[in-house]
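No lab work stands behind these numbers, since they all come straight from the coordinates. It should be emphasised that the depicted structure is a prediction, and the values quoted were computed from it without experimental measurement. Cβ atoms come from the backbone with ideal geometry, glycine included; neighbour counts cover every protein chain shown.
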Amino acid sequence: MGVLFIGGTGNISAAASRLALARGIELHLLTRGQRGGIAGAHEIVGDIRRPDEVRNALRGQRFDAVVNWIAFNPAEIERDLDLFVGVTRQYIFISSASAYQKPPSHPVITESTPLRNPFWQYSRDKIACEERLNRAYRETGFPVTIVRPSLTYDTLFPIAIGGWGCYTIVDRLKAGRPLIVHGDGTSLWTVTHSDDFAKGLVGLLGNPAAVGHAFHITSDELLTWDAIYQTIAGAVGVEADLVHIPSDFIHRVVPWVGEGLLGDKAHSVIFDNSKIKAFVPEFRATIPFHEGARRTLAWFEADASRRVVKPSEHEVMDRIIAAYRAGAGN
């Protein structure tokens, strides 16, 4: 089976690339060549933002599946519809579970849960992408499958506040500086290791029964946000100093942080994975977060160049905490 990944070397996608290769899939990666490749994959150097360049690079090739890991708005979907009609038997769009109704009217999320997010533009753009692809499927038979990951991690810590894809939270923990937990820390959340997500994604590749369908792929492990931060602290070998701050207060102080809370992480959600398990019977998430957090920490510790600390992230957290303590009189 021949598969093209647009991307394929990132936090979520690299694990899917490795698993696809391990299962004997002939994998092609379309990348800009700026990261290290994946051993065994055929690298195609091209920038998806330059359609003519990609069209020339892929001339004459056909694929059983194309997965776009890095499409975020409807204009990019229009480009892909133009590029891949007649080129692939299946086009998989990586959407987001944050597209589901916020706030949720029911805590258990299935693929039939409505899509609506008035808080976060990122999620609204993903919804618009899904709507365009579904219209293409209905009107022309474009072979789309939609996949909605939730908070999925490997080479980053799955946190709500504190730095995305960097070492800042570990630096903060080691220094004994406080961490922000939105709300009271008891809302329920699910984090999923990329190796587990890959089992579901790769199981959908080339599956004609999945065309026209949407799936979320997550762990079944439920954790409170307090537990997520405490587990990371435990992996580091320290106690976490947690400061609980309401999400709407955080939004007022730093709107771009608050949007991702009110539009996603502030709400308890329980994902019903029955559908992906029905289509991919071998799918089962087996990496509990206490193990996954140690793996992520080991990845950072293995190479000093990965341990990037962002002063701007420290500044944001300190500013929110100072504003809250001043206002609350704490």
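Just a few scattered comments:
- Alpha-carbon gyration tensor eigenvalues x 5, square-rooted, for the stretch 1-79, Å: 19, 14, 12
- Since only T192, T88, G176 are under comparison, the one whose Cα sits farthest along the positive direction of the charge dipole of the chain, derived from C-beta charges on Lys, Arg, Asp and Glu, is T88.
- Ordering of 37-43, 203-209 by packing is 203-209, 37-43, highest average first (other Cβ atoms within 10 Å, averaged per residue).
- Residue ranges 194-202, 65-73, 172-180 sort as 194-202, 65-73, 172-180 when ordered by packing (mean number of other C-beta atoms within 10 Å per residue, highest first).
- Label-to-label distance, A298 versus S105, with points set 7 angstrom from Cα along the beta-carbon direction: 4.6 nm.
- Share of Cα-Cα pairs in the stretch 51-119 lying beyond 17 Å, as whole percent: 55
- Helix 121-140 vs. the chain, principal-axis angle (Cα, 0 to 90°, nearest 10): 20
- Three-way shape label, the stretch 205-290, alpha-carbon gyration tensor, a/c 1.5: oblate
- The antiparallel fraction among DSSP beta bridges confined to the chain stands at about 10%.
- Rounded to the nearest 20 debye, the dipole size of the stretch 89-210 about its Cα centre is 200 debye, using +1 on the Cβ of Lys and Arg and -1 on the Cβ of Asp and Glu.
- Value of Rg/Rh across the chain [Cα atoms, Kirkwood radius]: 0.97
- Relative to the current alpha-carbon distance between H244 and S305, full extension at 0.36 nm per residue lengthens the span by 18.8 nm.
- Residues F5, F271, arranged from fewest to most other Cβ atoms within 10 angstrom of their Cβ, appear as F271, F5.
- q = 0.11, 0.19, 0.21 Å⁻¹, the stretch 4-144: log10 I(q)/I(0) [Debye, one scatterer per Cα]: -0.45, -1.17, -1.31
- Candidates Y229, Y137, Y100: whichever shows maximal mean-square fluctuation once the chain is modelled as a Gaussian network with Cα springs under 10 Å: Y137
- Alpha carbon centroid spacing (whole Å) that separates the stretch 1-67 from the stretch 78-143: 21
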